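The values are calculated or read from the model by the stated rules, or taken from the named source; none is laboratory data. Since we're looking at a predicted model, the values are computed, not measured. Neighbour counts are summed over all protein chains in view; Cβ atoms, including those assigned to glycine, are modelled from backbone coordinates with ideal geometry.
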Amino acid sequence: MPNRLRISLGQYSDKGPKAQNEDFYGTITPDQPLLDAKGIAIAIADGMSGSGEGREASEFSVKGFLSDYYSTPDSWSVQTSVQKVIGAINSWLYNQSHKRHGVTGALGTTLSVLVLKSSTAHLFHVGDSRIYRVREGGIECLTRDHRVVLSDHRSYLNRAMGIEPGLQMDYRSVPIELGDMFLLTTDGIHDFLSDHDMAQALKGAGQDPDAMAEAMVHRALANGGRDNATCQVVRVDGLPLEDADEFYRKLTELPFPPPLEPGMVLDGYRIEREIHASKRSQLYLAVDTETDQQVVVKTPSVNYEDDPVYIEQFIMEEWVGRRLNSRYVLKVLEQKRRRSFLYHLTELVDGQTLRAWIEDHPHPDIDDVFGYVDQITRGLRAFHRLEMVHRDLKPENIMIDQNGVAKIIDFGSVRIAGVAEVASPLDRTALVGTENYTAPEYFAGSTGNAASDLFALGVIAYEMYTGGAHPYRGKTPKRPVACRGRYVPALHHNPMIPPWLDGALEKAVRCDPRDRYEALSEFIYDLSHPNPHFMQNTPLPLAERNPVAFWRGLAVALLALNILLLILMNR
């Protein structure tokens, strides 16, 4: 099977001289689409024999991980998925120890996890089981033991599953090459075999991974091993190195639809009228001829018919929308009939864009603005919970329906952590978004994160509170923001804005993402609750806070001074 991630696997375990084998191991190689989305997972654990229930702990950790990892959202990165699953397992082990015995660590175990996804190996590790890489005959240990050695005969694990309520787990990722081998071992192997011994055991076993794993265990026990001994051997036999031609062929399996006119029927959807057209896409109001349901048909622009990056973004827009579930995000509908062309369906939102709302409300009510910003934030959280970054948040991509509900409507620029880990012949590094809402870090080559979306949200909130002004460019920004120039206080445009609210807006749009809010909820809280820190700041000069009042006052003062001079001259 060319162009797919493929492995050969060998596994072997022996209890050695001990009465019970407290090691546990396992692996899952899923079918598509999980193979591409989540990869191949391998795990090994060594139950702490002094803890009393080490076997249960190791078995629960491996089985629980392999089961739950593949249930995490396919938009999550490997790191997020694994850490959340293992964190939950650690909490269960820790709580069970206290519940059953009233002590810490009764269910303790090491755990090492290897996830092979696309062309990258992701390693997670706690304790003193190990992961090695074998490449071109050389062996390299990729993990670090969490063991404190007190003497030749005394040592203890300072980090393991189940011994602390919060788990610190090492993580690293390394690129995979065809023919790479990974060894996962418990200390019953590597405590009794040097790297040279391991290489000899592998060499003497031929090309069969099962024989390699068994040879490693037997050699460790023959070298005086006094512990359970377990080894997994993973050889990479295939990598998903898809060439550009094959990738493009898959993207273009469905042709672009022809220009649609009222009365035409597309796969059972009767076109009523065109709603909107731009250089990138067209939106049509349509009716499902089977259910009479009104839907919106979104079609790609023929301007990009030979642009694979655009086509992938258009396809992924539907993928993203199908995974989001929020009242404040446009709902992408399931296509129940076979498609003849490339398009997707969404719900109909009857209302106006946020841009139109801003233009209609040059002097908005502060409470009304907060209500809409809060709704937009709730929609944005739906993306961030799935480890997606919107990257093109702007008033044109937000609709306000007839019931006053704000909905984020465009997902074409979304970065999906889990998808970004999959190798692709396409260049996905191009700058996306719209100039005046693009966070400065994008211009420095960053792919963006939640703080980047916060910057765009802060700019939008500033515009709403000030009737269309921009925090760095005033009423008519002419160049990309990129934090060129000085922040213009919102009070400059709307004297009704209290200083603490202006402080919240300023923090949301700071140039350095590390200086912005760490969470969207903090921003929303400060927009509605006076932050004492912002109240303590030195008040702005009247000329900046309210230039109209400043110049009016200055004119009155000058007039009074002129009148006084005239009186004195006529005496």
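Please indicate, with yes or no, whether at least one residue in the stretch 97-114 is assigned by TED's automatic domain parsing to the domain that holds LEU184, more than 16 Å from GLY54 (Cα to Cα) and of a type in the set (Val, Ile, Thr).
So far as the stretch 97-114 goes, yes, one or more of its residues are assigned by TED's automatic domain parsing to the domain that holds LEU184, more than 16 Å from GLY54 (Cα to Cα) and of a type in the set (Val, Ile, Thr).
Just to be sure I understand, how many residues within the stretch 510-531 are part of a loop (DSSP other than H, G, I, E, B) and within 21 Å of the chain's Cα centre (by Cα)?
We begin by selecting, within the stretch 510-531, every residue part of a loop (DSSP other than H, G, I, E, B); these are 510-512, 516-519, 529-531.
Right, trim to within 21 Å of the chain's Cα centre (by Cα) and you get 512, 516-519.
Of the residues in that region, 5 qualify.
Just give me the residues in the stretch 380-392 being of a type outside the set (D, E, K, R) and either under 9 Å from ALA450 (Cα atoms) or crowded, with 24+ Cβ neighbours inside 10 Å (or both), in sequence order.
So the first thing to find is which residues in the stretch 380-392 are of a type outside the set (D, E, K, R), and the list is 380, 382-384, 386, 388-390.
Within the stretch 380-392, LEU380, PHE383, HIS384, MET388, VAL389, HIS390 qualify.
Residue by residue, here is whether (1) on the phi < 0 side of the Ramachandran plot; (2) modelled with pLDDT under 95; (3) among the aromatic types (Phe, Trp, Tyr) holds:
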site: THR252; (1), (2), (3): yes, yes, no
site: VAL265; (1), (2), (3): yes, no, no
site: HIS276; (1), (2), (3): yes, yes, no
site: TYR284; (1), (2), (3): yes, no, yes
site: TYR304; (1), (2), (3): yes, yes, yes
site: ASP307; (1), (2), (3): yes, yes, no
site: ILE311; (1), (2), (3): yes, yes, no
site: GLU318; (1), (2), (3): yes, yes, no
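When you scan the stretch 264-310, how many residues do you find that are surrounded by 14 or more Cβ atoms within 10 Å (Cβ to Cβ) and of a type in the set (Asp, Glu)?
5
Any chance you could count how many residues in the stretch 274-310 are in contact with a strand residue (DSSP E or B) (Cβ under 9 Å, 6 or more places away or on another chain) and part of a loop (DSSP other than H, G, I, E, B)?
Within the stretch 274-310, residues that are in contact with a strand residue (DSSP E or B) (Cβ under 9 Å, 6 or more places away or on another chain) and part of a loop (DSSP other than H, G, I, E, B) number 4.
Just the residues that are more than 16 Å from TYR525 (Cβ to Cβ) and surrounded by fewer than 18 Cβ atoms within 10 Å (Cβ to Cβ), please, taken from the stretch 498-512. Explain how you work it out, then say what you get.
Start the filter on the stretch 498-512 by keeping residues that are more than 16 Å from TYR525 (Cβ to Cβ), which leaves 499, 509-512.
Selection gives CYS511, ASP512.
Identify, please: which residue in the stretch 168-198 is over 20 Å from LYS15 (Cβ atoms) and among the polar types (S, T, N, Q) and is, among those, surrounded by the most Cβ atoms within 10 Å (Cβ to Cβ)?
SER173
Let's see how each residue does on (1) at pLDDT 95 or above; (2) in the same structural domain as TYR25 (by TED's automatic domain parsing):
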site	(1), (2)
PHE182	yes, yes
THR186	yes, yes
GLN200	no, yes
LYS203	no, yes
ASP210	yes, yes
VAL217	yes, yes
GLU272	yes, no
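So, of the residues in the stretch 354-384 that are closer than 20 Å to VAL320 by Cβ and without any contact (Cβ under 8 Å) to a residue 60 or more places away in the chain, which turns out to be nearest to the chain's Cα centre (by Cα)?
ALA382
Just for the stretch 1-38: of the residues that are among the hydrophobic types (A, V, I, L, M, F, W, C) and in contact with a strand residue (DSSP E or B) (Cβ under 7 Å, 6 or more places away or on another chain), which one is surrounded by the most Cβ atoms within 10 Å (Cβ to Cβ)?
Applying the filter and picking the extreme gives PHE24.
Which of the residues belonging to the stretch 479-491 are closer than 14 Å to MET464 by Cα and either exposed (fewer than 15 other Cβ atoms within 10 Å of the Cβ) or at pLDDT below 90 (or both)?
Hit for the stretch 479-491 is LEU491, nothing else.
Within the stretch 390-405, is there a residue that is acidic (Asp, Glu), in contact with a His (Cβ under 6 Å, 6 or more places away or on another chain) and at pLDDT 95 or above? Walk me through how you get there before you give the answer.
Quick first cut of the stretch 390-405, residues acidic (Asp, Glu) only: 392, 396, 401.
Keeping just the survivors that are in contact with a His (Cβ under 6 Å, 6 or more places away or on another chain) gives none.
No, that holds for no residue.
With the requirement that a residue be within 20 Å of HIS122 (Cα to Cα), over 21 Å from the mean Cα position of the chain (by Cα) and either surrounded by fewer than 22 Cβ atoms within 10 Å (Cβ to Cβ) or not assigned by TED's automatic domain parsing to the domain that holds SER129 (or both), what does the stretch 39-65 give you?
LYS63, GLY64
Filter the stretch 326-385 down to residues that are of a type in the set (Val, Ile, Thr) and within 30 Å of ASP292 (Cα to Cα), then give me how many there are. Can you show your working first?
Residues of the stretch 326-385 that are of a type in the set (Val, Ile, Thr), as a first pass: 329, 332, 346, 349, 353, 358, 366, 369, 373, 376-377.
Of the ones still in play, those that are also within 30 Å of ASP292 (Cα to Cα) are 329, 332, 346, 349, 353.
Residues in the stretch 326-385 being of a type in the set (Val, Ile, Thr) and within 30 Å of ASP292 (Cα to Cα): 5 in total.
Kindly evaluate LEU178 against the criterion of being aliphatic (A, V, I, L, M) and in contact (Cβ under 8 Å) with a residue 40 or more places away in the chain. Before you say what the answer is, go through the steps one by one.
Values: aliphatic (A, V, I, L, M): yes; in contact (Cβ under 8 Å) with a residue 40 or more places away in the chain: yes.
It is true that LEU178 is aliphatic (A, V, I, L, M) and in contact (Cβ under 8 Å) with a residue 40 or more places away in the chain.
Given (1) outside the structural domain of ASN494 (by TED's automatic domain parsing); (2) under 29 Å from LEU457 (Cβ atoms), identify the lone condition not met by GLU290.
The number of the failed condition is (2).
Residue-wise test of (1) among the aliphatic types (A, V, I, L, M); (2) surrounded by fewer than 17 Cβ atoms within 10 Å (Cβ to Cβ); (3) touching a strand residue (DSSP E or B) at 6+ places or on another chain (Cβ under 7 Å).
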{"position": "TYR328", "(1), (2), (3)": "no, no, yes"}
{"position": "THR346", "(1), (2), (3)": "no, no, yes"}
{"position": "ASP360", "(1), (2), (3)": "no, yes, no"}
{"position": "PHE370", "(1), (2), (3)": "no, no, no"}
{"position": "MET399", "(1), (2), (3)": "yes, no, yes"}
{"position": "ALA406", "(1), (2), (3)": "yes, no, yes"}
